[in-house]
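Asker: Submitted below is the structure of interest, expressed as C-alpha cells.
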Amino acid sequence: MSPLSQLLLILAGETTSWDTFDHVPGVQWHDVMPRANPEAPTPDLAYDRSGTLMLNGFGMVDVPDGHQGAEAGTRQDNEGHAGVTLGGDAKSVQSLALLKFYPSKNYQVILQKQFDGGVSIRPIADACALDYGTTAANTQDNAFYQITLASASRPLYVEAAIDDGAENHGPGSTTFVFYRSEPTQRIAAMHCKEH
C-alpha cells in the first residue's frame with residue numbers, strides 16, 4: 001500500500017485521533033505532534049501537522065532547492081515527493097492536504113495510481129467558474145471527487161487544483177485536499193458543475 005492510501009484509510013475510519021497517523025510507513029513527519037495554527041480558517045482546523053511522503057507514478061525532475069533570492073537554484077528529486085499536512089481540532093484529524101511540485105491536471109489518474117485496488121474514484125464536480133472566496137474566474141482547474149475505499153466505513157472527498165507557477169516564477173504545483181465530509185459549500189461557492 002502507498003503511504004497516501006494508508007493515510008486515507010485512517011482518515012476514512014471511525015477514529016482519527018492524531019496518534020493513529022504516527023507510524024504510517026513511508027511518511028516522514030516534521031512535527032512530532034500537532035501544532036496550534038493561529039491562522040486557521042475554522043476551529044475544526046485549529047491544529048496541523050506536516051511531513052513528506054512519496055506519491056506513486058512519477059519520475060525525476062528539477063525542483064526548487066529551497067534557497068531564496070539570488071541563491072535560489074534547483075535540484076533533482078522525484079516529482080512525486082510531496083508535502084503532507086494533517087488538519088484538525090485538538091482531538092482529531094479532519095482533513096489531509098498534499099502538495100507536489102509541477103501542475104498535473106490528470107487528477108483521477110494520479111489518485112488511482114496510489115491504490116492497489118478496491119477503490120472507487122468518482123468525479124462529483126468540476127468546471128468551476130470562480131476561485132474560492134473571490135469573484136475572479138477560476139484559474140486553478142479545481143475538481144472534486146468521491147473516494148470509496150473497499151475496507152473503509154465511509155467515503156472521503158478530495159478537491160484537486162493546480163497552480164501554474166506564473167505568479168511566483170516557480171515550477172507550479174498540484175494540490176489535493178481530502179475531507180471526511182463532502183465540501184458542498186466550496187462546490188457551491190465556486191459555481192462548479194456537479195455530476
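Asker: Would you check the accessible area of residue 187, probe 1.4 Å, heavy atoms only, in square angstrom rounded to 10?
Answerer: That residue has around 0 Å² of solvent-accessible surface.
Asker: Please get the size of the charge dipole for region 1-150, origin at its Cα centre, with Cβ charges of +1 on Lys and Arg and -1 on Asp and Glu, quoted in debye to the nearest 20.
Answerer: About 280 debye.
Asker: Cα centroids of region 1-60 and region 158-195: how far apart, whole angstrom?
Answerer: Their Cα centres are 18 Å away from one another.
Asker: Sequence gap at least 6, Cα distance under 8 Å: using those rules, report the relative contact order of the chain to the nearest whole percent.
Answerer: Over the chain, the number comes to 20 percent.
Asker: Continuing with this model, one more query. How high is the FRET efficiency between residue 150 and residue 195 when r is their beta carbon distance and R₀ equals 22 Å, given to the nearest 0.05?
Answerer: For residue 150 and residue 195, the calculated efficiency is 0.50.
Asker: Next question. Using the beta-carbon distance between residue 136 and residue 23 and R0 = 45 Å, what value does 1/(1 + (r/R0)^6) give for FRET efficiency, to the nearest 0.05?
Answerer: Computed FRET efficiency for residue 136 and residue 23: 0.60.
Asker: If I stretch the segment between residue 108 and residue 32 completely, what's the gain in nm (0.36 nm per residue apart, minus their alpha carbon distance), one decimal?
Answerer: Stretched out fully, the residue 108 to residue 32 stretch lengthens by 24.2 nm.
Asker: A further question on this structure: Lys/Arg Cβ at +1, Asp/Glu Cβ at -1, dipole of the chain taken about the Cα centre: which of 34, 118, 98 is farthest positive-ward?
Answerer: Farthest along the dipole direction, towards plus: 118.
Asker: Further question: Tell me, in nm to one decimal, what length is gained between residue 67 and residue 92 on full extension, where the rule is 0.36 nm per residue of separation less the Cα-Cα distance?
Answerer: Result: 5.6 nm gained on full extension.
Asker: Pop the C-beta distance of residue 122 and residue 44 into the FRET formula with R0 = 22 Å and round what comes out to the nearest 0.05.
Answerer: Efficiency computed from Cβ-Cβ geometry: 0.30.
Asker: I've got another one for you. Run the accessible area of region 32-98 with a 1.4 Å probe and give the carbon-and-sulfur part as a rounded percent.
Answerer: 54 percent
Asker: Another one. For the chain, what does the helix formula give at 222 nm: sum of -39500 (n - 2.57) over DSSP H segments with n ≥ 4, over the residue count, nearest 500 deg cm²/dmol?
Answerer: Value at 222 nm, helices only: -2500 deg cm²/dmol.
Asker: Per residue, how much accessible area does the chain show when a 1.4 Å probe rolls over the protein heavy atoms, in square angstrom?
Answerer: I get 52 Å² per residue for the chain.
Asker: Something else: Carbon and sulfur: what percent of region 107-195's accessible surface (1.4 Å probe)?
Answerer: 49 percent
Asker: Related question: Please sort 15-26, 168-179 by packing, taking for each peptide the average over its residues of neighbouring beta carbons within 10 angstrom, highest first.
Answerer: Sorting 15-26, 168-179 by mean packing, highest first, produces 168-179, 15-26.
The values are calculated or read from the model by the stated rules, or taken from the named source; none is laboratory data. Predicted, not measured: the structure shown is a model, and the values here were computed from it. Cβ sites come from the backbone with ideal geometry, for glycine too, and all protein chains shown count toward neighbours. With ligands, DNA and RNA removed, areas are computed over all heavy atoms of the protein, side chains included. Shrake-Rupley method; radii C 1.70, N 1.55, O 1.52, S 1.80 Å.
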